[in-house]
Amino acid sequence: MTRQCAVLLAALFFVVACQPAPQRAARPSGQSAERTLPEPAIPFAPRTYVAYRTAQPIKVDGRLDEPAWQAAAWTEDFVDIEGSARPAPRFRTRARMLWDSTNLYIAAELAEPDVWATITERDAVIFRDNDFEVFIDPDGDTHQYYELEVNALGTAWDLLLGKPYRDNGHALNGWDIHGFQVGTQVDGTLNRPGDVDRGWTVELALPWAALGEAADTPAPPRAGDQWRINFSRVEWRTRVEPTARSARRGEVGRYIKLTDSTTGRPLPEDNWVWSPQGVVNMHYPEMWGLVQFSSRVAGQGTEAFAPRNVDAPKWMLRAVYYREQAFHARRGVYTENLAQLGLTAAPRPGGPWASLVGRPWPPISDVTPHGYEASLPLPAAAGRLVLTADGAIR
């Protein structure tokens, strides 16, 4: 998650005191999306990864010692959620992926000199601890996507979102990834101030049977399929507070979050991600990375990532979405006039997608009193991509 805590769950009591920090992505269910929507401050150029198959069973224990994991490549090191405009993360984070006919496997390595975790209740608000988070949008339309958060104790929070919070979406906290497995390992000591840890690892097995529930695309995927996936790490700044109990035990104390001297609230957490969002909000699925599934077994050859030409017009329509939302917030209506949206020139994606734009601009737009549609032609006369006012592109 990002820096706004908003899912209103039952109050939790745990050792590290926390107040919701500003700008967490999840906002109260009644909050309106009718306001200026921040646009990502970076070009569309998501990071990519080719996930290979594993031919051997994976024991989900957090150790990552199977040959398949050794053969799987690490992702790039995580960066700040906003991208290169912000300072580089203080600690290294990276991930790996594998798959077979039953599960998607995810592993992450989080460097950390002080590993702590306090939450033990399933489906509690895990990002109040330091955590590792997974976001998956199988068909890439920005709707019907999954979120999973895990702390160093292996406590998990899994949820399904019908659409992003910006589109008045609501988190289905009662939804579970049935049959998922999680394993964690701490390289050092857990919840023990006074020594220096090296970090922790997390290993996940996510069954395709669960991921297929809202996928609208084959699960398990076909060779060559690409899913939108991103990872996030929440990291709080802490200090050590001595306690009478710790003194009696000869221990240093407990971890307490640093607070703002004016408000008394915890300082905003760091959000480090695999593919930068360009905005302090993980719930912009259009900015997540692209994972391509290979039929090759890990360690038995490589396969190049192949950018899809459909993602360029998708991004161009997403620019229309941002501007229409902003226009509606100001005027209370939508518009077909691209000049009023500042989009007389076609918005262009970055990275390898820049050369795949073709000449689809301008879109065909249709505005009604309560919504709008905009569409662009798909390459090779394969139909049209349609953006609707609820933010979906299909």
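Here is a list of conditions, (1) touching a helix residue (DSSP H, G or I) at 6+ places or on another chain (Cβ under 8 Å); (2) farther than 27 Å from residue 290 by Cβ; (3) part of a helix (DSSP H, G or I), and residue 330 meets all of them except one; can you say which number that is?
(1)
Does segment 305-326 contain any residue that is of a type outside the set (A, V, I, L, M, F, W, C), farther than 30 Å from residue 67 by Cα and part of a loop (DSSP other than H, G, I, E, B)?
yes
May I ask you to say which residue of 113, 89, 138 is touching a residue at least 24 places away in the same chain (Cβ under 8 Å) and farther than 24 Å from residue 228 by Cβ? Please lay out each step first, then the result.
Working: 89 fails: farther than 24 Å from residue 228 by Cβ; 138 fails: farther than 24 Å from residue 228 by Cβ.
Among 113, 89, 138, only 113 is touching a residue at least 24 places away in the same chain (Cβ under 8 Å) and farther than 24 Å from residue 228 by Cβ.
Just need a number here: residues in segment 204-238 that are among the β-branched types (Val, Ile, Thr) and farther than 26 Å from residue 127 by Cα. Talk me through it step by step, then tell me what you get.
Let us first name the residues in segment 204-238 that are among the β-branched types (Val, Ile, Thr), namely 217, 229, 234, 238.
Going one step further and asking which of them are farther than 26 Å from residue 127 by Cα, we end up with 217.
Residues meeting the conditions: 1.
Name the single residue, out of those in segment 284-327 being of a type in the set (Lys, Arg) and within 22 Å of the chain's Cα centre (by Cα), that is nearest to residue 140 (Cα to Cα). So that I can check it myself, show each step before the final result.
Looking only at segment 284-327, we keep the residues that are of a type in the set (Lys, Arg), and these are 296, 308, 314, 318, 323.
From the residues that got through so far, the ones that are within 22 Å of the chain's Cα centre (by Cα) too are 308, 314, 318.
Values: 308: 12, 314: 9, 318: 12 Å.
Per the criteria, the residue is 314.
Give the residue that is surrounded by the most Cβ atoms within 10 Å (Cβ to Cβ), with candidates limited to residues of segment 349-361 that are of a type in the set (A, V, I, L, M, F, W, C) and not in a helix (DSSP H, G or I).
Checked segment 349-361; the qualifying residue surrounded by the most Cβ atoms within 10 Å (Cβ to Cβ) is 357.
Report yes if some residue within segment 143-156 is touching a Gly at 6+ places or on another chain (Cβ under 8 Å) and either on the phi < 0 side of the Ramachandran plot or polar (S, T, N, Q) (or both); otherwise report no.
Yes, segment 143-156 contains at least one residue that is touching a Gly at 6+ places or on another chain (Cβ under 8 Å) and either on the phi < 0 side of the Ramachandran plot or polar (S, T, N, Q) (or both).
(1) outside any loop (DSSP other than H, G, I, E, B); (2) in contact with a Pro (Cβ under 8 Å, 6 or more places away or on another chain); (3) modelled with pLDDT under 95: which one isn't true of residue 346, the others all being true?
(1)
Of all residues in segment 362-394, how many are closer than 26 Å to residue 166 by Cα and either under 29 Å from the mean Cα position of the chain (by Cα) or in a loop (DSSP other than H, G, I, E, B) (or both)?
Adding up the residues that qualify gives 21.
Run down 214, 219 and say which single residue is at pLDDT below 95, crowded, with 16+ Cβ neighbours inside 10 Å and within 25 Å of the chain's Cα centre (by Cα).
Going through 214, 219 in turn, just one is at pLDDT below 95, crowded, with 16+ Cβ neighbours inside 10 Å and within 25 Å of the chain's Cα centre (by Cα): 214.
Which of the residues spanning segment 80-101 are surrounded by fewer than 15 Cβ atoms within 10 Å (Cβ to Cβ) and closer than 30 Å to residue 218 by Cβ?
101
Could you grab me the full set of residues in segment 64-75 that are of a type in the set (D, E, K, R) and either in contact with a Pro (Cβ under 8 Å, 6 or more places away or on another chain) or surrounded by 14 or more Cβ atoms within 10 Å (Cβ to Cβ) (or both)?
Taking segment 64-75 first, the residues of a type in the set (D, E, K, R) are 65-66.
Passing the criteria: only 66.
Out of (1) in contact (Cβ under 8 Å) with a residue 60 or more places away in the chain; (2) basic (Lys, Arg); (3) farther than 30 Å from residue 56 by Cβ, what's the single condition that is false for residue 384?
Condition not satisfied by residue 384: (1).
Residues 260, 195: which one is at pLDDT below 95, charged (D, E, K, R) and loosely packed, with under 14 Cβ neighbours inside 10 Å?
195
Every residue, every condition in (1) hydroxyl-bearing (Ser, Thr, Tyr); (2) in contact (Cβ under 8 Å) with a residue 60 or more places away in the chain, yes or no:
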{"site": "309", "(1), (2)": "no, yes"}
{"site": "322", "(1), (2)": "yes, yes"}
{"site": "340", "(1), (2)": "no, no"}
{"site": "349", "(1), (2)": "no, yes"}
{"site": "361", "(1), (2)": "no, no"}
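Residues to consider are 158, 129; find the one that is in the same structural domain as residue 105 (by TED's automatic domain parsing), out of contact with any Asp or Glu (no Cβ under 7 Å at 6 or more places or on another chain) and acidic (Asp, Glu).
129
The values are calculated or read from the model by the stated rules, or taken from the named source; none is laboratory data. Predicted model only: the values in this text are computed from it and were never measured. We place every Cβ from the backbone using ideal geometry, glycine too, and count neighbours over all the protein chains shown.
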